[in-house]
Structure formats: structure tokens, C-alpha cells
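Here is the structure we will look at.
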Amino acid sequence: MEARAELKHVRISPRKVGIVLDLIRNKPVDVAMATLKLTPKAASEPLQKLLKSVMANAEINHMMDLSSCYVSACWVGAGITMKRIRPKDHGRAHRILKRTSNIFMVVREKE
């Protein structure tokens with residue numbers, strides 16, 4: 001049995017989110033939540049929200065016991081990229097890419 005949740009168009013680079021996801025992969029959900037609360041990264045806050053959502057999905061929709069659940073898979077993909085322009089010298093313009101992330105998380109019950 002597994003429960004899934006996804007968070008789309010989060011305004012943070014996928015590279016920054018991936019660093020925090022590596023910390024919680026294959027950990028029990030209570031340890032993963034504690035890790036996210038104590039991690040001083042910008043990606044921690046949206047990931048806490050996503051973990052709460054997937055825990056609620058597991059408990060309510062799939063009748064899973066949260067004490068035996070762990071984060072079995074979590075990954076991040078690139079979302080849409082907003083393109084902005086910054087004025088530069090001699091009338092030129094440079095492109096700024098504001099990246100977004102699509103984050104996915106799967107929780108499973110231990111056998």
C-alpha cells in the first residue's frame with residue numbers, strides 16, 4: 001500500500017529542493033518531519049507541507065498506520081521557468097530565469 005502527493009509550481013529551483021529531499025529519503029515519516037523542521041533551507045517549508053499532505057492521504061484515504069510508514073520515494077522535476085529581463089549596459093538586456101519545481105512524494109507502510 002502506498003500514498004502519494006505532489007506539489008507543483010513551487011517557486012524554488014529544483015537543484016535546491018533535491019538537496020533537502022536526499023535528507024529524508026527512506027526515513028520514517030516522524031524522523032523525516034523532524035529533519036525538515038530543523039533544516040535551515042528554503043525548501044524545508046514547502047516539503048513539510050507536502051509531507052503533512054502525504055501523511056494525511058495515507059491515514060485517511062488508505063487507512064495506513066503512520067507509525068510504520070516511511071518515505072519510500074521522493075523526487076523533484078523542473079516546472080515552468082519564468083523568463084525575465086534585466087537591463088544591462090549600452091542598452092543591452094540579459095535574461096533571468098526564475099525556475100520552479102514539481103515535487104512528488106510517496107509513503108509506504110513497512111511490511
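The values are calculated or read from the model by the stated rules, or taken from the named source; none is laboratory data. Just so we're clear, the structure is a prediction, and the values are computed from it rather than from any experiment. Here the Cβ is made from the backbone with ideal geometry for all residues, glycine too, and neighbour counts use every protein chain on show. What goes into the accessible areas is simple: the full protein's heavy atoms, side chains included, and nothing from ligands, DNA or RNA. Shrake-Rupley method; radii C 1.70, N 1.55, O 1.52, S 1.80 Å.
Data table
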quantity	calculated
Karplus (6.51, -1.76, 1.60) ³J(HN,Hα), θ = phi - 60°, over region 90-98, in Hz, Gly and Pro reported as x	6, x, 7, 9, 10, 7, 10, 9, 9
Amide H partners (placed H, <5 Å) of Met64, local residues excluded	Glu59
Qualifying aspartates and glutamates (Cα of each under 16 Å from Cα of Lys41; at least 8 residues distant if same chain)	Asp22
Relative contact order computed over region 52-111 (Cα-Cα under 8 Å; 6+ residues apart), in percent	41
Charge tally in the Cβ shell below 15 Å around Asp65, where Lys, Arg are +1 and Asp, Glu are -1, Asp65 excluded	-3
Spin-label pair Arg25/Arg4, simplified geometry with 7 Å Cα→Cβ offset, distance in nm	1.8
Accessible area in square angstrom per residue, the chain, 1.4 angstrom probe	64
Sequence-distant residues sharing a close amide H with Gly79 (under 5 Å, placed H)	Thr100, Ser101, Asn102
Gain upon complete extension [Lys52, Met82; 0.36 nm per residue less C-alpha separation]	8.0 nm
Accessible-area ranking of Ser67, Ser44, largest first, probe 1.4 Å	Ser67, Ser44
